[in-house]
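Notes for the one structure printed next.
The values are calculated or read from the model by the stated rules, or taken from the named source; none is laboratory data. A quick note: this is a predicted structure, and the numbers were derived from the prediction, not measured. Here Cβ is always computed from backbone atoms with ideal geometry, including for glycine, and neighbour counts include all displayed protein chains. Only protein heavy atoms, including side chains, enter the accessible area calculation; ligands, DNA and RNA are left aside. Shrake-Rupley method; radii C 1.70, N 1.55, O 1.52, S 1.80 Å.
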Amino acid sequence: MDFITEEQIQKYRQDGYLVLEGFFSPEECDALRERMAVIVERMDVPLHCRTEFSTEQEEQLKTQGSADYFMSSGDKVRFFFEKGVFDSQGDFLVPRERSVNKIGHALHASEPVFKNVTHSPKVQELSRKLDFKQPVVVQSMYIFKQPGIGGEVTPHQDATFLYTEPLGRVMGVWIALEDATEENGCLWFIPGSHKTGITRRMVRTPAGTFPRTQFIGSERTYADEKFVMAPVKKGSLILIHGEVVHRSAMNSSNHSRHVYTFHIMESENTRWSAENWLQPTQELPFPSLYT
């Protein structure tokens, strides 16, 4: 079975993203959600690790970059929370299952159900059709987009955070575990924006300095009318080029928008920047996508 046609491949290369409807079955999506419910129910988060997640640049530097919890999460399963879900004592103000913004960044290595989806034969075949020779998995995330409070993700390019030389070697794989609609915060893209490079990078600062990361350069300003909405049904997969500009709005609905997403990198003739926040470790070198 062909999971992607030549016409779709050309559309991905032209637009920088591609929607593949019905790539995963409802049962496959439900298995990921059920396992995640168990992970959240069992999570034991130390007070000093209750780090709020934000995509606003200054808050990102303060809350993510300054936190060892975030910086050392590349080979672990860790929890990042929405704003305003803890009281002054660090206790939950909302049910814990409604508190989490995302969980990352090594579900693909630590959790068998997620590992099986990441390395599924159809994902491997899809990558081969896109000419990936030696793809490795660099990170994975489960994103909740909680009802009513799921935060906005401002326009960005993934290569700002996951930089390679040369560029163009990273691709996001975004799997909708529920319907993603305009109301609950589906993705929006600027078609073709992956062809103009990047203007901003988040890099590690020298050891022993604070904050732990800093931004070099600045994000461009993008006109709203350039963005194209990409609502999708449960089970759909979206391919996201590392340099395509995309965003999502706050979830203003009563419905969550659960997603499992991971990034792969073509490792053949590619240098992963030592300045990226995310680094392979001795415990978890970037694993091959192909098994």
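Here are the numbers for this structure:
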quantity: Criterion: in contact with a Ser or Thr (Cβ under 6 Å, 6 or more places away or on another chain) and surrounded by 15 or more Cβ atoms within 10 Å (Cβ to Cβ) - qualifying residue of V85, V113; calculated: V85
quantity: Only listed residue being under 30 Å from F215 (Cβ atoms), touching a strand residue (DSSP E or B) at 6+ places or on another chain (Cβ under 6 Å) and in a loop (DSSP other than H, G, I, E, B), chosen from L162, L167; calculated: L162
quantity: Pair list, Cβ under 6 Å, 6 or more apart: segment 124-153 residue at pLDDT 95 or above and crowded, with 22+ Cβ neighbours inside 10 Å, other residue hydrophobic (A, V, I, L, M, F, W, C) and assigned to a helix (DSSP H, G or I); calculated: S140/L107; Y142/M36
quantity: Output for segment 3-35, where each listed residue is open to solvent by 50 Å² or more (accessible area, probe 1.4 Å) and either at pLDDT below 95 or closer than 30 Å to H194 by Cα (or both); calculated: F3, T5, E6, E7, Q8, Q10, K11, R13, Q14, E21, G22
quantity: Flag if W174 is among the hydrophobic types (A, V, I, L, M, F, W, C), open to solvent by 20 Å² or more (accessible area, probe 1.4 Å), part of a strand (DSSP E or B) and in contact with a Ser or Thr (Cβ under 7 Å, 6 or more places away or on another chain); calculated: no
quantity: Residue among G235, G217 that is farther than 29 Å from Q134 by Cβ, touching a Ser or Thr at 6+ places or on another chain (Cβ under 7 Å), at pLDDT 95 or above and of a type outside the set (D, E, K, R); calculated: G217
quantity: Among (1) touching a Pro at 6+ places or on another chain (Cβ under 8 Å); (2) within 14 Å of G242 (Cα to Cα); (3) of a type outside the set (A, V, I, L, M, F, W, C), the one test that T181 misses; calculated: (2)
quantity: Conditions (1) more than 24 Å from N251 (Cβ to Cβ); (2) open to solvent by 10 Å² or more (accessible area, probe 1.4 Å); number of the one not met by L93; calculated: (1)
quantity: Residues that are in contact (Cβ under 8 Å) with a residue 60 or more places away in the chain and either open to solvent by less than 70 Å² (accessible area, probe 1.4 Å) or polar (S, T, N, Q) (or both), drawn from segment 191-204; calculated: P191, G192, S193, H194, R201, M202, V203
quantity: In segment 269-291, the residues that are of a type in the set (A, V, I, L, M) and open to solvent by less than 70 Å² (accessible area, probe 1.4 Å); calculated: L278, L284, L289
quantity: Contacts under 6 angstrom Cβ, first residue in segment 227-243 being under 19 Å from V123 (Cβ atoms), partner hydroxyl-bearing (S, T, Y), 6 or more apart; calculated: L239/Y12; I240/Y17
quantity: Subset of segment 206-216 [surrounded by fewer than 18 Cβ atoms within 10 Å (Cβ to Cβ), in contact (Cβ under 8 Å) with a residue 24 or more places away in the chain and either polar (S, T, N, Q) or outside any loop (DSSP other than H, G, I, E, B) (or both)]; calculated: Q214, F215
quantity: Test for G74: is it in a loop (DSSP other than H, G, I, E, B), in contact with a strand residue (DSSP E or B) (Cβ under 7 Å, 6 or more places away or on another chain), in contact (Cβ under 8 Å) with a residue 60 or more places away in the chain and not hydroxyl-bearing (S, T, Y); calculated: yes
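So that you can scan it fast, the table gives a plain yes or no per residue for (1) open to solvent by less than 30 Å² (accessible area, probe 1.4 Å); (2) closer than 20 Å to F70 by Cα; (3) not small (G, A, S):
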{"position": "D158", "(1), (2), (3)": "yes, yes, yes"}
{"position": "A180", "(1), (2), (3)": "yes, no, no"}
{"position": "E183", "(1), (2), (3)": "no, no, yes"}
{"position": "C186", "(1), (2), (3)": "yes, no, yes"}
{"position": "S218", "(1), (2), (3)": "no, no, no"}
